[in-house]
Structures are given as structure tokens and as C-alpha cells.
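The values are calculated or read from the model by the stated rules, or taken from the named source; none is laboratory data. Only a predicted model underlies this, so the values are computations on that prediction, with no experimental measurement involved. Cβ: placed from backbone, ideal geometry, glycine included. Neighbour counts: every protein chain shown. Note: accessible area is taken over every heavy atom of the protein model, side chains too, but ligands, DNA and RNA are not part of it. Shrake-Rupley method; radii C 1.70, N 1.55, O 1.52, S 1.80 Å.
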Amino acid sequence: MANEMTATPPDSVQCPVCFKDFTSSTINGHLDVCLLNSATDSCSSTATEESGPPVKKSRICAEAEPRSPGVNKPAASSSSTGSPPSTAIFSMFQANKSKVSLQSERNVLFSGKQTAVNKGIKRSLLNETEAAVTEPVKNQPTVKATHGLSPRTLLSIDKPLAEMLRPNTLEEYFGQSKVVGQQTLLRSLLDSQEIPSLILWGPPGCGKTTLAHIIASTSKKKGTARFVTLSATSTSTNEVREVIKQAQNELRLCKRKTILFIDEIHRFNKSQQDTFLPHVECGTVTLIGATTENPSFQVNAALLSRCRVLVLEKLSVEAMGSILDRAVAALGIRVLEQDQANPKHQDQTDGHQPKIYIEQKALDTIAHLCDGDARAGLNGLQLAVQAQVSFARPLGQDGSSQEILVKEEHIKEGLQRSHILYDRAGEEHYNSISALHKSMRGSHENASLYWLGRMLEGGEDPLYVARRLVRFASEDVGMADPSALPQAVSAFQACHFIGMPECEVILAQCVVYLARAPKSVDIYKAYNNVKACLRNHKGPLPPVPLHLRNAPTKLMKQLGYSKGYKYNPAFSGPVEQDYLPEELQGINFFTWTPSDP
């Protein structure tokens, strides 16, 4: 297999009809002649001289010209499977999709160059035992496709490592066992290809898009459904309608369902989301939407009722460790501590390639610093290794390999935690302010400071926090410490004067003061009882008593307004006087509840 790979020039492209190798500058002219003329004439008249034999002959050419003695037999031919002799059908239209080669994909992977004619070209499998590669989703290389490549070659590709190592099976999908574990309902539905409409909700890098592509890969292998991927950030409603129209034709003509994956579905407004409603309802499309926002706020309620919401959690440190171990194994990078414990495995790599080692402590640092984001962790690993490979000196004249060690400080330099996952307009905004409010209510000053710092460091508006503190001073402290309200108002004014970051200590002082202050919710409850009394009153509200009414005119005085009112400062003691309407005499809103008669 190695001989075949080295015999083919890196910029060569195979003809999909005669399977001969041509340069990228001559392939288009050859295709014009090869497709118009007969297969036998085209194979003999337009083939250019190459350094090695073609990988596979077309069936018509196999009858027209004898096979040269040096040509290797394909790994899986029609004669070995007991099929009839060659027919006048081009092999590119055959239904057997397992006999394909990945030479064009490898050319793209090694050189980073992609021509317009090598997309979708089927090749013969060079060696099924050595290159057993699963079909990539959307032409994305898998771990098996990249296994065995040198780290210098793989890491020089202009593609993120997280994209290259995206798993295609649930066995390689880590960290979401609660959702797609062995005994879960969704796992059984996926195994039986009874895929419901789903909304995948989770933080960035938790595996939403990967899970959708795993479903797509399984559907392609079994042929049960076609998979269409759209992004709400760049897709119009007309494009969505066109996809739905194709899905209707596919279901009517081929009896095959369509799985429609919408990334960032919360970017669609409510009217755009309504486009999916009738088609999801009748089963024309199976909708899989991915979002980082709370679907309760961002997804249409009618559409949400037709889908099952899967909550994907932030990846744990253990799950990130498994993902990083898989990435290191795919890159051929050795873990220093494991390599020292197994010295017999030290000299099994190519001596002409640099030996790259990484400390276990460095991998642990990535797992902790990436904050449960697999994309950030893998790309951080790629950045650190690329930097050390580029800094390395070229190999010695004796051809001895050079050793490169990626340390913990290299990882920290390349993967700095420069932000905290926080969304000022999303659910995290409300969750954090709720945690701050309840921590102060529970008089836990340390937790109060933590949630305050979490919000401010995440980019929250300090005036919003100050306004919430003013509310808390009356709602939860109240008359137990009347000076709490002036403290909160002063903190708000100070934040308005000086802004961030100087005002953070002012907010911290106010938060600690409110957390330590005694608590009383009597005023809060009493006013809520007043509102309940007003809203539950049957019939017209009772009028204001005459003696409490204002009498600015003579007519009002003649009508009895303000008659009998006792001016309290004119009396030395308490004054017996009614201040409530007759229907509410004797009520105490501090103890009254709406259920009382």
C-alpha cells in the first residue's frame, strides 16, 4: 500500500471512467474525449504516460486490452464476488458503494489543495484490511482516515482539529451518556432508525452538531433517510421551502424520509420557524435543531411541542480526557509518562519524522481550562503542538529523528481562559441574578460575592446589578434594617458615576452588606396581599369615605366632603377614626391572606 501511495504524484487525479491518472491541468480535456468516444477508444488514445500503473481498469477496457504483468489486481474485483463478466456500464454508476477509494481525499488531506474535478470521484479500495475507513459525513475526515499520518503532516492542514476528528459513531461520542447511553430511550430509537424530531440544547462544544452528523452517518449507511444540513445564520426562508419541496418529492417517489438539521435554529424568528410546522406535523421532514439558547424563549411553542428537547450538558473533565486521548492517539503523539512506562514502544515510528511527546499534566490542563468545550480543547491542543513543531529545528544530517516535547506551560500559553461562558441576553443571565438574589437572601456572603463576580467578569452591566440590589434592599431586608435602601441607592449612583471596573468593589460592598443585614419580608408580603385584595374584589371597588375626601371647593364641602375629619396633629393622643372603606374595616394586610373571607 505504501508503494502505491508513493508511486502516484500528489497532484494527480483519476479519471472516473477509465481510472487512469492524469495531472490536474489535463484531466478536463481527457474527460471531454473519454465521455464522448467509446470507452475502449478513449482508454487507448487519450491516456497520458504516468510514473505508475493505473489503480483500476474499466470493465470495457479489461476486455479490449490485456493486463500487463506488473499491474496489481484490485483488492475487491467483480470476479472475486462471482459477478458476471464486464458489461457496458461505467463502474461509477454501479450500486456497490463499498468499493471506493479515498485517494482524492488523501490528496486533499496531505496537500491542502482541492481541485474542481476531484469531488465525489469514486475510487477502488487499495487495501481493505489496512484502510478500513468509514464513509465521512460531508467529506469530513474521520479518526480512522487520519490514523497513521505523521503529526507534522496532519497538523499543517488548514482545518481545525475538532472538525477533522469529529466522530461518526456513538461509541466515539463521549460525555453525554445521560442522553444517548446504552439504556436510554433515544439510543434505542437511533438503533432502530426511528428518529423523532429533536431540539438539541446545550452550551458550545458539547456535541450538538456531532450528534446530528452521527445520526446522518447511520442513516446513510442504512439508506433509511437522506440528510440535509442548513444553518439559520445563512439560510433564507425560500431555501428552506425548496428543501421541504425536495423532501416531499423524495417521500412520494422514493418512499424515503428527509432529516433536516438546522444549526443555530434560534436565529430563525417565530414566523420563519412556522414554516416547519405542517411538514414536521405530517412527517415530511424530521427536524433536528441545535441551539445554545433556551428553547422555551427562542423556539416557537407550537414547533417545540412537536419536537423532543434533549438537554446536552457541559462536558466533564473525565469526558474531555477521553476526547483528548482519542485525539492524541489519532495524531500519533505519545504521552510522555506512558511512553516511559512502556519503553518497548519507543522506536516504532518513522525515523525520518519528529517524535512528538506531550506531558500528561498538559492534557489534564486542557481538560480543565477548556470549560467543557471540546472544540476549544482540541483546537487548543492543535495550536500548542503546531507551535512546538514550527519552533523545532530541522532534522540532523544523519537522518535521526528529533524529539519535541509539549509541556504544560505551552498549553497554558495557547489556551488561556480569557472569558467566562455568560450570555447577557440568555438564560445564563437570569440564572446568575437569581443565584445572587437567593444567596443574599440566605445571608451567604461568600456565595453572593461569587455570583456577583461571575456576572461582572462575564460582561454584565453593573447598573443592572445595582438596580437589582436596590430592589433587594426593600423586598428582603425591608424594615429589619431601614438603612439598607440608602446603601443600595448610593451604590447605584456610585456605579453610574465611575463605571467598570472601579465600581466592582462598590457593588461587592453593597452585596456583603445586604447579605449580612437582618431580613424581613413583611412589607413585601403585605403589599402583595393588597394587590390580591384589589384583584379578587367582586363588584365595584368601595368608594373613599366622605371624611377622607379632599374638599377644595364650596360645593364639595356642601356635599359632605371632608366633614368630620379629625386632624391628628391637633390632638395630644391617639385619634379614633376610620381610614378604610366600610367593607374592609378591621382588615390587617400583614396577616391577611387571599383565602380569608
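Below are the figures for this structure:
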{"item": "Charge dipole (debye, nearest 20) of the stretch 447-597; +1 at Cβ of Lys and Arg, -1 at Cβ of Asp and Glu", "result": "680 debye"}
{"item": "Members of K222/K255; K222/K245; K178/K208; K531/K557; K208/K407 lying beyond 20 Å, as alpha-carbon distances in this model show", "result": "K222/K245; K531/K557; K208/K407"}
{"item": "Over the stretch 479-575, relative contact order from alpha-carbon pairs under 8 Å, at least 6 apart, %", "result": "20 percent"}
{"item": "Trypsin sites (Lys or Arg not before Pro) within the stretch 427-474: DSSP coil, no more than 12 neighbouring Cβ in 10 Å", "result": "none"}
{"item": "Rg/Rh ratio calculated on Cα atoms of the stretch 158-266 (Kirkwood radius)", "result": "0.97"}
{"item": "Heavy-atom SASA rank of E318, E428 (probe 1.4 Å, accessible area, largest first)", "result": "E318, E428"}
{"item": "Those GluC sites (Glu not before Pro) in the stretch 162-214 that DSSP places in a loop and that have at most 11 other beta carbons within 10 Å", "result": "E194"}
{"item": "E318 paired with D32, simple spin-label distance in nm, labels 7 Å along Cα-to-beta-carbon", "result": "6.3 nm"}
{"item": "Whole-number accessible area per residue in Å² for the stretch 470-536, which is evaluated in the context of all protein chains at 1.4 Å", "result": "55 Å²"}
{"item": "Percent accessible area from carbon and sulfur atoms, the stretch 202-336, protein chains only, probe 1.4 Å", "result": "49 percent"}
{"item": "Added length on full extension, which subtracts the Cα-Cα distance from 0.36 nm per residue, H537 to H444", "result": "29.5 nm"}
